[in-house]
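The values are calculated or read from the model by the stated rules, or taken from the named source; none is laboratory data. Worth saying up front: this structure is predicted, and the values here are computed from it rather than measured. Cβ coordinates were reconstructed from backbone atoms using ideal geometry, including for glycine residues, and neighbour counts include every protein chain displayed.
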Amino acid sequence: MNPEKTEKTSKIDLNRNDMPKQSPEIRRHNFNEVALGYSEGLAVQEAKRCLQCKKPKCKTGCPVEIDIPDFISFIVKGDFSSGIKKLKEKNCLPAVCGRVCPQEAQCESQCILGNKKGEIAIGRLERFLADWEATKGKVDMPPKAKPTGKKIAIVGSGPAGVTVAGDLILLGHEVTIFEALHKAGGVLTYGIPEFRLPKAIVAREVDYVRRLGAKVITDYVVGKTRSIDELLKEFDAVFVGTGAGLPWFMDIPGENLNGVYSANEYLTRMNLMKGYQFPMSSTPVRKHVRVAVVGGGNVAMDSARTALRMGAEEVRIIYRRSHAELPARLEESENAEEEGVIFNMLTLPVKYIGDENGWLKEIECLKMELGEPDASGRRRPIEIPDSNFRMQMDAVVCAIGNSPNPLVPSTTPGLQTTRHGTLVADQETGKTTKERVWAGGDIVTGAATVILAMGAGRKAARSINEYLETGKW
Amino acid sequence: MNKVIERKVIVPNMHLLTIEAPDIASKVKPGQFVIVRANDEGERIPLSVADWDEGKGTITIIFMEVGASTGALACLAAGDFVATCVGPLGNETEIGNFGTVMCIGGCYGIGSLYPVVKALKKSGNKVIMVFEARSNYLIYWVDRYIKLADKVFNITRDGSIGYKGHISRLSDVVNGLPDPPDRIIVNGCTFLMARASEMTKDLGIPTLVNLNPIMIDGTGMCGVCRVTVGGKMKFACVDGPEFEGHKVDWKEFLARRKAYLEEEALFFRRSEPKQAVHKEGKCQA
């Protein structure tokens, strides 16, 4: 026996395998995916580090309870086909989740090797399996139950809606997804940029549910083209997964100047409308030289990194707390920093100043300091009086969050909302205050993550199926 | 994908487009709009609905050919398809018995006011229609309006019909009436709506306008259509498109409308040099 090998297998390997990435100098000039994914060799090497715990804690950190050690053990054996099957039992969007899930706060945070900072790269392995399946060219279709004759309408084709669709169609129900935009995928399509989540992957995942038999109707605004009550006449159940799509602004002077965008607008222009191909695509995009992005979440990082790729010379993140409180994933803020985004922490914009043509030219900010922790547990930012200063900027992207889109709640009598505008829905079942209507994802929780939306979708699907079988609300 | 039933030039540079859209035709109300995308690479543009036929399941739009996107729509023929036609979006125009309502239409607004005037008449209003155009040959659907409206006036820049001059002649139209109208509704280009609102403010007549900002999704998601009304930020797509003209910040609105003028030109200037081959001094493309 090779003594070196014995040495390796007998010891716990704490060396997390890095995933190859495009170098920052190159990637800041293109929209191709930043992280390149594991090779088969790297994936097996990483998978072998898994201790296959008897009571896996990673699983408890996953909102959809994927059988993590099981799928990893298939990678170790090189049986990727069984691995992806195992993964898909619990997660119908592995290529997406492997990329955009905050694993460091979920499954990976629970990994026992994390005690020694060597947690298994579960997300990367998940991504590997999904990509392996895609390149193999043949996606195995799981068996479908025989038709029940029950019809379900799903409003919104984002992660929550697609999960509900995938689950219910396998149970033999007839599923129709309604999407307001011209492309399915919700935030995965209009929001998350190409370099973080290639659109071909989203299209593939939506196509999978379509091939399972779900009908996807785009360009259809439920609440406008047809109301929920009208849908209820044709369908046995309705699931509302319309997301958090109403951008917040700060209510400061100058916000309606040209050059001030909501992150939704900025990213939609670039992603959904292919603005990055302008003028070959026809949605106009203005070239900006100095771009400020207000906010510290993933959407802010996405916007800043998009601005760089659009050719901006100076891109700044303006955030009112400090680095430690940035809500973005560490990986994303690191990527942004590597690419050259400048971070202006403890800074709050108070006023936008325009030129004579109504275009932004300067922003006025205040310096902040951190006080006592607030309700969110993070230290509260406090304005430093008279610390005003100005920055020359020709664009601002406001990425401070979204409220739920009110279109469905406001046109559906009987659907109760909270004071935050989210739909009231049971946490375990997704049942709303209106009979035969379920809801899940950001429309219930407020802006959150893809995987939480999927988790909610899964629970709702279970509850919908139960209702369809028993007839009991 | 929606089938094009008809597309024709109605007056120079102004097109009538009838699209198969049964769901929209059964739902649309006066003052609402749809978002249309001519093809897969196309921009999403909001266009007011000028007419519909629920029985046939069709809607009709009147639009002016101004840029790349309307240019693509202008190339459509019956039997073609538009990539997107979604709606009806926005709130409907407030309809009630107001007494006498003056409707001022210019450009595409002559079309979009038609269902409004129909509904106003149905609710028992007296309707005075005012056409505003550069010249009489740019006014359309006169026959339709003559059947509906109680009185019709024209204001043309060249004086070819009616009052000569710009919308500033509106005060002459109003002052010539035995009683001022109880409300004025203006549909048309931004300048027309802004200027008319300015004038009716002095005349003290409540005025409603149907705003036409740049939009993307049309469902409140992107916020590009934001407009300041009465000092508050509103989204034209979900809070409007109808607003009180006297409360709109027109200067800001105009600036926002013009945000992409330069880029629009850029789109037309894009060149694909590989496609043009020059040989012996001649273009072989």
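A few comments on the model shown:
- Hits in segment A:282-316 - residues which are more than 14 Å from chain B (Cβ to nearest Cβ) and part of a helix (DSSP H, G or I): A:N298, A:A300, A:M301, A:D302, A:A304, A:R305, A:T306, A:A307, A:L308, A:R309
- All conditions in (1) touching a residue at least 40 places away in the same chain (Cβ under 8 Å); (2) in a loop (DSSP other than H, G, I, E, B); (3) closer than 22 Å to A:R329 by Cβ hold for A:R127, with the sole exception of (2).
- Looking only at segment B:207-260, and only at residues there that are within 7 Å of another protein chain (Cβ to nearest Cβ) and of a type in the set (S, T, Y), the one that is surrounded by the most Cβ atoms within 10 Å (Cβ to Cβ): B:T219
- Residue that is in contact (Cβ under 8 Å) with a residue 60 or more places away in the chain, more than 30 Å from A:T470 (Cα to Cα) and away from chain B (no Cβ under 13 Å), where the choices are A:V202, A:V240: A:V202
- Among residues of segment B:115-127 being buried (at least 21 other Cβ atoms within 10 Å of the Cβ) and touching a helix residue (DSSP H, G or I) at 6+ places or on another chain (Cβ under 8 Å), the one that is farthest from B:T60 (Cα to Cα) is B:V127.
- Considering (1) surrounded by 14 or more Cβ atoms within 10 Å (Cβ to Cβ); (2) modelled with pLDDT under 95; (3) within 14 Å of chain A (Cβ to nearest Cβ), the lone condition that B:R169 does not fulfil carries the number (3).
- Any hit, segment B:178-195, residues being surrounded by 23 or more Cβ atoms within 10 Å (Cβ to Cβ) and among the small types (G, A, S): yes
- In segment A:81-137, the residues that are in contact with a Phe, Trp or Tyr (Cβ under 6 Å, 6 or more places away or on another chain) and of a type in the set (S, T, Y): A:S82
- The number of residues in segment A:30-47 being surrounded by 15 or more Cβ atoms within 10 Å (Cβ to Cβ) and of a type in the set (D, E, K, R) comes to 2.
- The set of residues in segment A:113-124 being under 23 Å from A:P94 (Cβ atoms) and in contact (Cβ under 8 Å) with a residue 40 or more places away in the chain consists of A:L113, A:E119, A:I120, A:A121, A:I122, A:R124.
- Leading residue by the ranking (nearest to the other protein chains (Cβ to nearest Cβ)) among those in segment A:248-267 that are touching a residue at least 24 places away in the same chain (Cβ under 8 Å) and touching an Asp or Glu at 6+ places or on another chain (Cβ under 7 Å): A:F249
- The listed residue being closer than 22 Å to A:E255 by Cα and in contact with a strand residue (DSSP E or B) (Cβ under 6 Å, 6 or more places away or on another chain), out of A:V299, A:V289, A:V315: A:V315
- Test result for A:K85, of a type outside the set (S, T, Y), over 22 Å from the mean Cα position of the chain (by Cα), more than 24 Å from A:I169 (Cβ to Cβ) and surrounded by fewer than 24 Cβ atoms within 10 Å (Cβ to Cβ): no
- The number of residues in segment B:37-68 that are touching a Pro at 6+ places or on another chain (Cβ under 9 Å), within 10 Å of chain A (Cβ to nearest Cβ) and of a type in the set (A, V, I, L, M) comes to 1.
- Here A:V175 meets each of (1) surrounded by 20 or more Cβ atoms within 10 Å (Cβ to Cβ); (2) of a type outside the set (K, R); (3) touching a His at 6+ places or on another chain (Cβ under 6 Å) with one exception, condition (3).
- When A:M270 is tested against (1) closer than 27 Å to A:S410 by Cβ; (2) assigned by TED's automatic domain parsing to the domain that holds A:A300; (3) buried (at least 24 other Cβ atoms within 10 Å of the Cβ), exactly one condition is not met: (1).
- Unique residue being at pLDDT below 95, within 14 Å of chain A (Cβ to nearest Cβ), within 19 Å of the chain's Cα centre (by Cα) and surrounded by fewer than 18 Cβ atoms within 10 Å (Cβ to Cβ) when the list is B:G87, B:G71: B:G71
- Residue among A:C97, A:C107 that is buried (at least 24 other Cβ atoms within 10 Å of the Cβ) and either more than 30 Å from A:R436 (Cα to Cα) or polar (S, T, N, Q) (or both): A:C107
- Failed criterion for A:N405 (all others in (1) part of a loop (DSSP other than H, G, I, E, B); (2) modelled with pLDDT of 95 or more hold): (2)
- Residues being farther than 23 Å from A:T411 by Cα and modelled with pLDDT of 95 or more - total across segment A:430-460: 0
- Filtered by the rule that a residue be farther than 23 Å from B:V86 by Cα and in contact (Cβ under 8 Å) with a residue 24 or more places away in the chain, segment B:222-258 gives B:T228, B:E244, B:G245, B:H246, B:V248, B:W250, B:E252, B:F253, B:L254, B:R256.
- Condition met for B:A25 (without any contact (Cβ under 8 Å) to a residue 40 or more places away in the chain and either surrounded by fewer than 22 Cβ atoms within 10 Å (Cβ to Cβ) or of a type outside the set (K, R) (or both)): yes
- The set of residues in segment B:97-134 being assigned to a loop (DSSP other than H, G, I, E, B) and more than 19 Å from the chain's Cα centre (by Cα) consists of B:N97, B:F98, B:G99, B:S123, B:G124, B:N125.
- Only listed residue being out of contact with any Gly (no Cβ under 8 Å at 6 or more places or on another chain), of a type in the set (D, E) and farther than 19 Å from B:D217 by Cβ, chosen from B:D51, B:D80, B:D40: B:D80
- Just one of (1) at pLDDT 95 or above; (2) within 13 Å of chain B (Cβ to nearest Cβ) fails for A:P279. It is (1).
- Of all residues in segment A:287-302, those that are over 10 Å from A:R329 (Cα atoms) have Cβ atoms under 8 Å from Cβ atoms of residues that are in a loop (DSSP other than H, G, I, E, B) and of a type in the set (K, R), 6 or more apart or on another chain, in A:D302/A:R196.
- Residues (surrounded by 16 or more Cβ atoms within 10 Å (Cβ to Cβ), touching a helix residue (DSSP H, G or I) at 6+ places or on another chain (Cβ under 9 Å) and more than 25 Å from B:R257 (Cα to Cα)) located in segment A:349-393: A:L370, A:R379, A:P381
- Qualifying residues in segment A:317-341 (those that are assigned to a loop (DSSP other than H, G, I, E, B) and under 22 Å from the mean Cα position of the chain (by Cα)) - the one surrounded by the most Cβ atoms within 10 Å (Cβ to Cβ): A:Y319
- Subset of segment B:3-49 (residues that are assigned to a strand (DSSP E or B) and farther than 15 Å from B:F63 by Cβ): B:K3, B:I5, B:E20
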